[in-house]
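Structure record follows, encoded as structure tokens.
What follows is calculated from the coordinates using simple rules that are stated; it is not laboratory data. Quick caveat, the model's predicted, so the values are computed rather than measured. Positions of Cβ are backbone-derived with ideal geometry, glycine not excepted, and every protein chain shown enters the neighbour counts.
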Amino acid sequence: FRPNLANPANAGELDELNKEAKIRTEKFVDMVDEVQMKLVDLEGEKSKEFHVAYINNLRCLLKLYNSLVYKEHYIKLPGDEIVEKKKLNIKVLTAKYNG
């Protein structure tokens, strides 16, 4: 700022500078808003691209895993046997839980 703008005789020039500054500020705010909107759109597009690539890679990995590993490759440990439980009727079960 120039010190002579404080003089009341230069009030018109000061008002003109203030108007120019307001116009510049409004243009700058508009530019910032535009850039923010572009960034939001770009972020959305990039996140969609990443999501599609991630899902495709995951599907490929699952198909590869399914084709390479068979149930026969797993070693059965003690306790892994499938135990068939006896079926009990409702009277026996209620008597067991009621004590």
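Compute the helix-to-body angle for 11-68: its Cα long axis versus the longest principal axis of the chain, expressed 0 to 90° and rounded to tens.
Tilt relative to the chain: about 20 degrees.
When the chain is modelled as a GNM with alpha-carbon springs shorter than 10 Å, which of I75, I55, I23 fluctuates the most?
Most flexible of the set in this elastic network: I75.
Dipole magnitude of the chain about its Cα centre, charges +1 at Lys/Arg Cβ and -1 at Asp/Glu Cβ only, in debye to the nearest 20?
It comes to approximately 1360 debye.
Toward the positive end of the charge dipole of segment 3-98, about the Cα centre and with charges on Cβ (Lys, Arg +1; Asp, Glu -1), which of N57, T94, Q36 goes farthest?
Selected residue: T94.
Equivalent-ellipsoid semi-axes (√(5λ), Cα gyration tensor) for the chain, whole Å, largest first?
79, 26, 12
For N18 and Y97 in one chain, what is 0.36 nm times their gap in residues minus the Cα-Cα distance, to one decimal in nm?
Difference between extended and current length: 19.8 nm.
How far apart, in nanometres, would the label points at E81 and N7 be if each is projected 7 angstrom from Cα along the Cα-to-Cβ direction?
10.9
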